[in-house]
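Below you'll find the structure, written out as structure tokens, and then a few comments.
The values are calculated or read from the model by the stated rules, or taken from the named source; none is laboratory data. Just so we're clear, the structure is a prediction, and the values are computed from it rather than from any experiment. Ideal geometry is used to build each Cβ from the backbone, glycine not excepted, and the neighbour counts take in all protein chains shown. Accessible surface is based on the protein model in full, side chains and every heavy atom, while ligands, DNA and RNA are left aside. Shrake-Rupley method; radii C 1.70, N 1.55, O 1.52, S 1.80 Å.
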Amino acid sequence: MTAAVTGRDVRRPPGTGIVLGSAAPLPTPQRRRTLSMSLAPDPAAQALLPLLEEQNSRISFAAFDYDDAYRLGSTIMAKATADDLKITVTMTFGEQRVFHAARPGTTADNDDWLARKFRVVARYNAPSFLISTKYRARGLDFNEATGLPVTQYAAAGGAFPLRVNGSVIGAVGVSGLVENLDHDLVVWALEAARAAAV
């Protein structure tokens, strides 16, 4: 699970003692299977899936350009400043970073978390929280089940695809809070941007 510890996201796959993003070696495939079988399906995650899937299918724009990216990122940072949230915000169009800002209390670890969350969004064309929730609902750890390296992929909430007419053009993400709050902050800002665009 994700926790806020001095402004950084921290996850420990159950039973591994590994902090994701650390230099610790990845579990072997044999160990990965053993660990995955020890997790139980999460009923709370199962109950949350319909909402996350609905958000994923609904949140899209008719148009979204550089000025829109600046406004969206600035909206998130204004909320973070008002609520004294220790977060980092990043937005990309493809491989280009079009917005990046960080609040006091964050570190380069937040940038690393965002990069790993964005890889999940790009690979699965879905919010990182939706992907992590799908695996938890089935009682599986994302990295163990997929074999994707924890140093490159983090299925933790906070990164959301930017879609124009249904096609992914990039992603927006927050790092620094617990994963559901990272996700909720991004969704709140996207919903506000969609309402303003109408």
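The figures follow:
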read-out: Accessible surface of V174 - all protein chains present, 1.4 Å probe, nearest 10 Å²; value: 0 Å²
read-out: Solvent accessible area, Å² - Y153, 1.4 Å probe, full protein context; value: 40 Å²
read-out: V198-H100 pseudo-label distance in nm [points 7 Å out on the Cα-to-Cβ vector]; value: 3.5 nm
read-out: Extension gain, N125 back to R58 (0.36 nm per residue minus Cα-Cα distance, nm); value: 22.8 nm
read-out: Inter-site label distance for A78 and T107 at 7 Å from Cα along Cβ, in nm; value: 3.2 nm
read-out: Kirkwood-based shape ratio for the stretch 102-198, expressed as Rg/Rh from alpha carbons; value: 0.98
